[in-house]
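The values are calculated or read from the model by the stated rules, or taken from the named source; none is laboratory data. All values reported here derive from a predicted model rather than from experimental measurement. Cβ sites come from the backbone with ideal geometry, for glycine too, and all protein chains shown count toward neighbours.
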Amino acid sequence: MPQIIVEGGQTLRGTVGVLGAKNAVLKEMAATLLAPGRHRLTNVPDILDVALMSEVLAHVGCHVDRRDHELHIVVPEELEPEAPLHLVRQMRASIVVLGPLLARCGIARVAQPGGDDLGARPIDFHLDGLERMGASFELVHGELIGTVSDRLIGAEVELPFPSVGATENLLFAAVLAKGNTTIVNAAREPEIRDLVRQLRGMGADISGEGTAIIHVRGVDELRPADHRVVPDRLEAGTYAIAGAITAGDVTVTGCIPDDLRMELRKLEEAGVGVERGDGWLRVIGPERPRAVDFATLPFPGFHTDMHPQMVALLSIAEGTSVITENIYDARFRYIGELRRMGADITTEWQHAVVRGVERLSGCPVLAHDIRAGAAVVLAGLRAEGTTVVDEIHHIDRGYEAFVEKLASLGADIRRTG
């Protein structure tokens, strides 16, 4: 099986660019189902999850052409309203086809979602909100079947938690629903704002994105549109920490620093020099960072998908850091891999205590999920000796040319297989 092999000890220097956000493009691919015709998405990363979502769209009847960081998606007048198990089980984001299929077809058959094993992530919020809009659901042999008697009806839906996926599915349902929909306690993430920009370009009537209350006035039909995917703040943050953990000097281009303001603030508290500009950021890492505490929260809080990379940095900090994970109950699975490398980390419930050590040691480790994989590679950049990372298909789900980009900054890193 393919592996990533890292020889630690190199200081990273230089400039690296990022592409469109994984957490935006997958949902924007699903959004194209709302309007027949030819759509174009640009700034699309060449990652495994985009390939998987392309297969989902092809299964429902679309023609998807991937070329040069662009997607051309031709959506037919008639869709096959089904997302099968063998595709959905590989990628949780595919649950967002539920809203578009219900809106377009009045029926949707979607297998229970898979993806990263980060603990319980129920879709109750999605279903409860869609039921308020007139949908009904039943679970038959592991397949979720949703139906609408005529047309979805606008409603006020208050989410118990600002779930990104639920907000997206409700937006998809609302844009073609009859009447007005208000989503209360909506997710405020940059990827939600970008999705609304795409939907608005398709003719949707939406206001309030980026706030806790989103208003949607349903329209009778939408049209295809061209859309450029927002830069991936998580890719940008990962390369920023790569520079910081190696006491390096790395500039990340093609990004929006304001979308990482909490993460960059915590890097500054850790003693990392951070400069920001229009479409770029620069980090200058100290020999050893200072310990800092953080808690993961919905945007504008610290992103849970930056948690493992930040812990990799804090594992070699001076002092003790306390991390609280409020989003995913199984996020800490990667910590065993860092411990194997010599990190001093203990966990209790949703808390992790990281006692910084002077050095890490390279060894064989596993990439349990996308961000865990990034974290152990970053730790390997700082570790003494050789780090061998297995299960790297998880990294391929979220990062294009991860090894090549790190190598361009001076990392001694290669991929086998």
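A compact table of results
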{"item": "Unique match (being of a type in the set (Gly, Ala, Ser), in a strand (DSSP E or B) and in the same structural domain as His39 (by TED's automatic domain parsing)) among Gly203, Gly146, Gly210", "result": "Gly146"}
{"item": "Where Arg188 falls short, out of the listed (1) assigned to a helix (DSSP H, G or I); (2) touching a Gly at 6+ places or on another chain (Cβ under 6 Å); (3) over 18 Å from Leu98 (Cα atoms)", "result": "(1)"}
{"item": "Candidate set: the range 53-70, residues that are among the acidic types (Asp, Glu) and modelled with pLDDT of 95 or more; chosen: the one surrounded by the most Cβ atoms within 10 Å (Cβ to Cβ)", "result": "Glu70"}
{"item": "Selection within the range 79-128 - at pLDDT below 75, of a type in the set (Gly, Ala, Ser) and within 17 Å of Ala31 (Cβ to Cβ)", "result": "Ala93"}
{"item": "Where Ser361 falls short, out of the listed (1) among the small types (Gly, Ala, Ser); (2) surrounded by 20 or more Cβ atoms within 10 Å (Cβ to Cβ); (3) over 18 Å from Glu235 (Cα atoms)", "result": "(2)"}
{"item": "Residue match in the range 29-36 (condition: outside the structural domain of Val252 (by TED's automatic domain parsing), surrounded by fewer than 19 Cβ atoms within 10 Å (Cβ to Cβ) and touching a Lys or Arg at 6+ places or on another chain (Cβ under 6 Å))", "result": "no"}
{"item": "Filter pass, Val250 being of a type in the set (A, V, I, L, M), in a strand (DSSP E or B) and within 20 Å of Thr32 (Cα to Cα)", "result": "no"}
{"item": "Any helices (runs of 4 or more DSSP H) falling wholly within the range 1-119 and containing at least 3 residues that are more than 24 Å from Gly254 (Cα to Cα) and not aromatic (Phe, Trp, Tyr)", "result": "48-59, 85-88, 98-105"}
{"item": "Evaluation of Gly342 against (1) at negative phi; (2) in a loop (DSSP other than H, G, I, E, B) (one fails), failing number", "result": "(1)"}
{"item": "Candidates Val157, Val196, filtered to the one that is in a strand (DSSP E or B) and at pLDDT 95 or above", "result": "Val157"}
{"item": "Unmet requirement for Ala330, which otherwise passes all of (1) surrounded by fewer than 23 Cβ atoms within 10 Å (Cβ to Cβ); (2) at pLDDT 95 or above; (3) of a type in the set (A, V, I, L, M, F, W, C)", "result": "(2)"}
{"item": "Tally of residues being closer than 16 Å to Met310 by Cα and either touching a Cys at 6+ places or on another chain (Cβ under 6 Å) or not in a loop (DSSP other than H, G, I, E, B) (or both) across the range 345-392", "result": "21"}
{"item": "Test: residue in the range 83-98 that is over 25 Å from Ala374 (Cβ atoms), among the charged types (D, E, K, R) and not assigned by TED's automatic domain parsing to the domain that holds His368", "result": "no"}
{"item": "Residue check, His39 over 15 Å from the mean Cα position of the chain (by Cα) and surrounded by fewer than 22 Cβ atoms within 10 Å (Cβ to Cβ)", "result": "no"}
